[in-house]
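The values are calculated or read from the model by the stated rules, or taken from the named source; none is laboratory data. Keep in mind it's a predicted model, so treat the numbers as computed, not measured. Cβ: placed from backbone, ideal geometry, glycine included. Neighbour counts: every protein chain shown.
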């Protein structure tokens, strides 16, 4: 069965610092992996997705993630944090590319300090 | 283009009451699903549908019913609300056409059961 683990429920960085949000997955088949962002009192917005093409995936708002099969990881990074990046971030795996049943991690709240 | 629309945005129920959370999408997506979001647990799949007339259970289906009579609508019914159903509920949809494999989320319904 697929599962997703996000390491660290809260991450705090200073504005301009590197953002690193960790995600490890478990899957018996090649996974489809996603990062979503949720701003306060809003729905989820797709940041980026991995679908077995390039292992380095670029998303919106300067975020990118690298798929590492040997480490079963899909960590999210951004070189320089902005105040507007403060939100909750979810990593998710698609349990089947046909049905689209997403399995989510627990979420990581990113705080950006001025 | 409205995308995925959920109503109501907020609801307070008493234990034992019933209600229906509405979800509609205008993108002609085949797949629709309901998730609940609880602190520290990410999003968990309640029910999903791969097309009109077809529904199936997700990870946490107990206490919820769904039906899919049209492509556009996928209501979620709480037959007898319990305090454990206090949560934020999200509806999502996606298409199977092409290789987009992206789910679009509504803004959510915040439900409190007293």
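Which one of these is touching a residue at least 40 places away in the same chain (Cβ under 8 Å) and in contact with a strand residue (DSSP E or B) (Cβ under 6 Å, 6 or more places away or on another chain): B:113, B:66? Outline the logic, then answer.
Values: B:66 fails: touching a residue at least 40 places away in the same chain (Cβ under 8 Å).
Selected residue: B:113, the only one of B:113, B:66 that is touching a residue at least 40 places away in the same chain (Cβ under 8 Å) and in contact with a strand residue (DSSP E or B) (Cβ under 6 Å, 6 or more places away or on another chain).
Just need a number here: residues in the stretch B:75-95 that are assigned to a loop (DSSP other than H, G, I, E, B) and farther than 17 Å from residue B:26 by Cβ.
Taking the stretch B:75-95 first, the residues assigned to a loop (DSSP other than H, G, I, E, B) are B:75, B:79-82, B:86, B:95.
Retained after the next criterion (residues that are farther than 17 Å from residue B:26 by Cβ): B:79-82, B:86.
Total meeting the criteria: 5.
So that you can scan it fast, the table gives a plain yes or no per residue for (1) at pLDDT 95 or above; (2) closer than 16 Å to residue A:94 by Cβ; (3) under 11 Å from the mean Cα position of the chain (by Cα):
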| position | (1), (2), (3) |
| --- | --- |
| A:2 | no, yes, no |
| A:6 | yes, no, yes |
| A:16 | yes, no, no |
| A:27 | no, yes, no |
| A:41 | no, no, no |
| A:46 | no, yes, yes |
| A:52 | no, yes, no |
| A:60 | no, no, no |
| A:64 | yes, no, yes |
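Checking the structure you have, find out if any residue of the stretch B:74-97 is in contact with a helix residue (DSSP H, G or I) (Cβ under 7 Å, 6 or more places away or on another chain) and at pLDDT 95 or above.
If we filter the stretch B:74-97 for residues that are in contact with a helix residue (DSSP H, G or I) (Cβ under 7 Å, 6 or more places away or on another chain), which is where we start, we get B:78.
From what is left, the residues that are at pLDDT 95 or above are B:78.
Yes - at least one qualifying residue is present in the stretch B:74-97.
Output the strands (runs of 3 or more DSSP E) that fall wholly within the stretch A:28-76 and possess 2 or more residues being within 14 Å of another protein chain (Cβ to nearest Cβ) and within 20 Å of residue A:18 (Cα to Cα), or say none. It would help to see each step written out before you state the result.
Numbers: elements: A:32-38, A:44-50, A:56-58, A:64-68.
In the stretch A:28-76, A:32-38, A:44-50 are the strands (runs of 3 or more DSSP E) which contain 2 or more residues that are within 14 Å of another protein chain (Cβ to nearest Cβ) and within 20 Å of residue A:18 (Cα to Cα).
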